[in-house]
Every structure is written in structure tokens, then in C-alpha cells.
1. I'm trying to understand the selection: among the residues of segment A:142-160, which are within 19 Å of A:LEU34 (Cβ to Cβ) and buried (at least 19 other Cβ atoms within 10 Å of the Cβ)?
2. Could you list, in sequence order, the residues of segment A:121-160 that are hydroxyl-bearing (Ser, Thr, Tyr) and more than 10 Å from chain B (Cβ to nearest Cβ)?
3. Could you tell me which numbered condition C:ASN103 fails, if it satisfies all but one of (1) in a helix (DSSP H, G or I); (2) surrounded by 24 or more Cβ atoms within 10 Å (Cβ to Cβ); (3) modelled with pLDDT under 90?
4. Just need a number here: residues in segment C:260-277 that are more than 22 Å from C:ASP240 (Cα to Cα) and either at pLDDT 85 or above or under 18 Å from the mean Cα position of the chain (by Cα) (or both).
5. Just wondering, is there one or more residues in segment A:53-61 that are open to solvent by 60 Å² or more (accessible area, probe 1.4 Å), more than 14 Å from chain C (Cβ to nearest Cβ) and among the acidic types (Asp, Glu)?
6. Quick one: in segment C:185-209, which of the residues that are under 16 Å from the mean Cα position of the chain (by Cα) and hydroxyl-bearing (Ser, Thr, Tyr) is farthest from the other protein chains (Cβ to nearest Cβ)?
7. Can you say whether A:THR190 is part of a helix (DSSP H, G or I) and open to solvent by 40 Å² or more (accessible area, probe 1.4 Å), as far as the supplied structure shows?
8. Regarding B:TYR84, is this residue aromatic (Phe, Trp, Tyr), under 20 Å from the mean Cα position of the chain (by Cα), at pLDDT 90 or above and not in a loop (DSSP other than H, G, I, E, B)?
Amino acid sequence: MQPLTETIANATRLLLDGNPELWGIIAISFRVSLTAMLVATPFAILTAFALAHFEFPGRKLLVTLFSSLLSVPAVVVGLTFYLLLSRQGPLGDWKLLFTQTAMVIGQIALCFPILVAMSHSAFQALDRRAWETARTLGAGPTRALFTLMREIRFGLFAALFAAFGRIIAEVGSSMMLGGNILHYTRNIPTAIALETSRGEFAQGIALGIVLLTLTFSVTALLQHLQQRRMSGQ
Amino acid sequence: MTQAQFRFTGIGKAFGERRVLKAANIDLSAGCCVLLSGRNGSGKSTLLRIMAGMEKPDRGEVDFGGGPLPWRRCSHYLQQHILYLHQQPYMFDGNVRYNLGYALRRGRDKKTLIAAALHWGGLEAMANAPARSLSGGERQRLALARAWLRRPAAMLLDEPTANMDIEARITTLALLRSLKEEGYALLISSHDQHHFDDLFDVRLHLGDGRIGPARPSAQRITVVRS
Amino acid sequence: MRRLPALLLAALAFLSWRAIADDAIVRLATTTSTDNSGLLRDLLPRFEKATGYKVHVIAVGTGKALRMGEAGDVDVVLVHARAAEERFVASGAGEQRHAVMYNDFVLVGPNDDPARVRQAGAIGEALRRIASVRAPFVSRGDDSGTHKKELALWRAAGIAPTGDWYREVGQGMGKALQIAGELDAYILTDRGTWLAYHGKLPLALVFEGDAGLRNPYGIIPVNPRRFPDSNHAGAMALVDWLTSPTGQQAIDRFRVDGLRLFTPNAKTATSQDAAAD
């Protein structure tokens, strides 16, 4: 059994040497998770805006629903879509199980509630006068919506990063829906799970370092921006 | 006597059981300043917001030159031509320039127009300051300059001098006068009646959900150009 | 706002480029043992180079691999659990079993061998020694081929393993070995995974070589009559290549730490497997 320091040293070497297999896994992770974010974000923000702005029957129920979906384990999401996408499932004809598309679908389902819940509270916290001022100054509904998004951009960034953080690091749904296929659906978390089970701890730690570095720099950046904004006032 | 630009008739609005407006009638005309008094909670703000197309009344009609129209057919027109100023104006998260530019459509003259508005509102010194760092009086000037850039037909101002020191109030009143002289129809709601003695042409009172002259008698008052 | 539709389109295009060469992809569900040992990483690039197919390997336990086959979610399965494989074919989900190779199971345990398994003469006796002193024993407990084999061996030894010394971990072979190492427990493992791990674990091989420990692998394409959508041509190409002299030779030459893990047996399938079962 290698000591921890040696494992970390090996991991760093793997990363710096540009180990193609390792970086390929990282690329797949980013491609899948960024695609999921790209698809989910516009719809999530529109949903959040509608929940904050309009009064309609069932609105409160929907808000509660989205907040409770936050705590559904990734494996349950994975299992649900596994049953739907399996050849014997209702969507089997799409032939999507064990593809990157299936992983993207699972990750959309995972990040959507976070995006909605966090954007919704950001919209909710915004002064009602922002919308009215935009409208009375001649902005159409679309421009007014973008104005609101600009006003709450830090809340939205926080929602984006939280959602991205969840899906880039989740293993349950990616494992079930992607199948951990090398060079195709093996992403950072499923690779960590596999390398750990194989006893290749250096690889696992290397990928863990990537995840940690990523989340650390994103959080630091967000805090930096927010602080600059505070002192700017 | 000139034809009113906007003639609102029979505006009614209830919040649940509470009937804030019963049958309010009011006219707006170019270059004419209406001062609307009324106790707190008498429904002044609600009426102004309805007139600016921001809220839907339960009933009422509006005539802007082509005969009375039901509400659903004219709210968009109202939004486009009548501007509402909050008692405490909302400043977008950006500098003064950004807030002024918001009132403009995309165009080549944007820089020139913003410069003119900065001058008009006496805001040149703080053009690049974050709008939210301004004092109450400065914010009101910025809000008026922003409205001025938008060039609506009428402006509805909700308590424009509330909580202001005397200096800020004098500047604000000067700007309001200049708006009136440029031909805007103004409606000012306030309970500090005497601030506007030199400004208004017509004085109306909102009470019990209806509008009457400050000396309560008739139901409808035709706004006369002074 | 104007950029949004373009972004969405780009996202879709991004996703669809993979789907183009659909029938060049063969989906193989197999056991963690073949994948973890590195055998497939050695064999499949050669197959892909020779035929132009691309193999997507989904490594799970045998039970799950067969269920994926039964659902038609994969094109072909490579597993080791004879009884289950025969049920898989008999049910009409699998087309036909082709023998590929075998390896064998070994019993590993703590170096000081508290149950004195090293002195056992047969696998049944070895298991009875462990049970009698209630030495910790880690079971895969995941319905895999190895798990099924282990249960069959306990049955044959006349023991129903229960109690706090018998720990079902519900994990893959490698993980289960790590757990056994941490717990100073005995465990039944395929030789391949053991060779891949033995340097990293405080465990030693304590029993091997019994005929009852032989572990035959079969490859079975899913039935194209039941799953017309499956890539049967690709599955058959893989079967043909693995059972061809080239494929068999590649299996024979595969080494981990200089040791041979798998014995090819495609040609002599009937006799070898009969001996094994």
C-alpha cells in the first residue's frame, strides 16, 4: 500500500505529463456536463422567472416540488432514466442507454431543480420595482427579463456553479446511464470509482485534484467578483 | 379649453373586499400639471399605476383621441406613452450613464443623448458613479433625467419630494417645472400640497375611491390649460 | 437572447456527432474480472484494428451483464456462470454460447492463515475449516459469476454460511479484495484479479488448483430474432475473432507480471468445459 504523499506525487505527475487517457476522461466530463448546463439553463431560468413573477394555481406546489427534488440522490435519477431508456423501457427505441446523450439527460434532470430553486430565490429577492422600472422605461418583456437577470447576475452565477458542481461530481447517474465506457462515457467521477476499485489510487487522486482545483477556482472567482462589487458601492 | 390627451373614466379597483377605487375619472393634457392629493392609503399609487398600464383595473375606460376603449385594448399603449416614477426610484446596478442609457433604444446618438441628459439633470460630476451610491435627491434627479430621455407623453410621479431636504426639493421642483414647460403632461401625487404651489394647474382630491376637486363637489373635472 | 438558439443548436450538434457511426459500435457487457485484469484492453484494440468495429465495454457483475442482455441493452455478453448462461440462452434472450477461455478461482486470506486452509486437500475442506473457526470471510454478494460460484462451493461443502464472520459486501472483485485486506478476511477470487492486486494487499494465496475451481468464460450474442435492433453482425465479428486462432493466441500470450491468466479453450470447448463443470 502506497503512502498518501507518494500517491499524490504520482497523481500530480500523471496530470502534468499530460497523460492522454486521464485528460480524455476530463474532456468527456466537461463536454457532458457543459452540454447539460447549456440545455438546462435557459429553461430553468425561464421557469424560475415564471414562478417568481406570475401568480397561478399550483405555483407554490411547484416551488416546493423543485426544492424537494434537490435532495433526490443521483442514483435514483439514474435508475429512473435507466428504466425509461432501456430497450425494454418506453423510450427504448431512441437507443440512448450507455451514450453520452443519456448521461446528458440524467445530468439535466439533476441540475434543473438546483438551477430553478436558486434562480427562483434570486428573482424573488429582487425588488419588484426593477421589473416595473424596466417596463415603464420602454423595455419589452424579453429585454426586461434580461435586465432582471443582469440585476441578479451574482445569484444566477451562484446557481450555475452550484448546479455544475453537482453534475460534474456525481457518479450515480453517470455510471448507470453511461455505463463507464472507456473513451466514451467514462468521466471523472465514474473513473474515480473504477480506479479506486482497481486499487489505482494515483489515477483516482489525480482526477480528484482536478475536481478540487476546478471547484476551488470557481468559488474563489465568484467570491472575488462579489467582493469587488461590494467595495465598488 | 383643449382636448385632453388621455381621459380616464370610471376606474374601479378592489383588493379583495376593499374597494380602493370606485369610479375615478381623470384627464391628462400636454403641458398641464395635475396635483392629486389624498390621505395615505387612499389609492393614489394604485390609480397612478393603473394609468401607466402597470396594473389592471377591475373596470374603466380610457380615451386617447379615438373614443373610449376598454382596458385590455389600451394597456400596451399606456405602457408605451405614460411613464410612472416610483416614490423611491429604482436604480439599476450600474453607473449613472448606464441608468440613463437604459431609457434609450439602440442608436447612434446614444452618447450625445446621454450627455444631454447628464447636463439636463445636473449629473455631469457623477456620470460614472454607481447609481446606487447616489443620495436620495441625486437619485430623484437621475430618475427624472432618465424619464426625460424616454420622452413619454405623460409622467406620473408618486410623491416626488417625499423625505427630501430643502435643497434637493428645490432642484427637483426646478426639473419638474422644466418638464412642464417642455410640454409633458404631469400628474403629481403628494400630500405635501404646498410644495407644488407654483407648479400645478389643477388640484384634485382622491377620497372614498372617487376624484373630486380640492373643494369637493363635482364628480368630473375638466382639466383646463392655464 | 439572439445567441440562445444558436447555442442550443451547437449543443445538439455536439451530442449527435457520436451517433453517426452507430452500427460500427458493439456493446459488450462483461464482468469486472475481464476488464480489471487488463485483458480486454489488450485484446480489443487488436480486434478493432482488424475489423473496424469499435467496442464499448460495460463492466459489471455477471448477473447484471446478463440482465442487460435480456433487456437488449447490449449486443453481446462475455461472462462466467455456466448455469445462468444456459438459462440466458434457453429463455431466448441469448443466441448461442461460444466457449472462449477459462481461468480459475483461488482462495486468498491473511498471511498467518488462522483457519489453516493451506493444509486442506480440497476446496470443500478449505471452506469447512474457515467456517469451523468462524474466520472472517468476504463474499462479493453482488450476484456476479464469482458470487454464484462461491455459493455453489459452500453448498457443495454442506455449509450455509451465516453469522458475523461472513460479510457480503456487494462490490466488484477489486473492491471486495481491498475490503478483505482491511478485515484480514478470506475471500474467493478469480486468479486474474488476484494477480492484478496481490502486490497491493496484505493477503496471500492459501488454496488453489482444485478442479472445482475452474472458471470458464463464454461469449453470447443477444438473440437477433428477439432484438432485431441489436448489432448482431458486430457481435458475431467479435465472437469470430475471439474464437479464431488469432484471438485465441492473443489470449494465450496475455501476461500479468509475467504470469498467464487465461487459458484459451474455443476449439476444445466441449471437453474442457465438461471437465470444469
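1. Across segment A:142-160, the qualifying residues are A:LEU156, A:ALA159, A:LEU160.
2. A:SER121, A:THR142
3. Of everything listed in (1) in a helix (DSSP H, G or I); (2) surrounded by 24 or more Cβ atoms within 10 Å (Cβ to Cβ); (3) modelled with pLDDT under 90, C:ASN103 misses just condition (1).
4. So the answer is 3.
5. yes
6. C:THR189
7. no
8. Yes: the conditions hold for B:TYR84.
The values are calculated or read from the model by the stated rules, or taken from the named source; none is laboratory data. Since the model is a prediction, treat every value here as computed from it, not as a measurement. All Cβ positions, even for glycine, are placed from backbone atoms using ideal geometry, and neighbour counts span all protein chains on display. Keep in mind that these areas ignore ligands, DNA and RNA; they rest on the heavy atoms of the full protein, side chains included. Shrake-Rupley method; radii C 1.70, N 1.55, O 1.52, S 1.80 Å.
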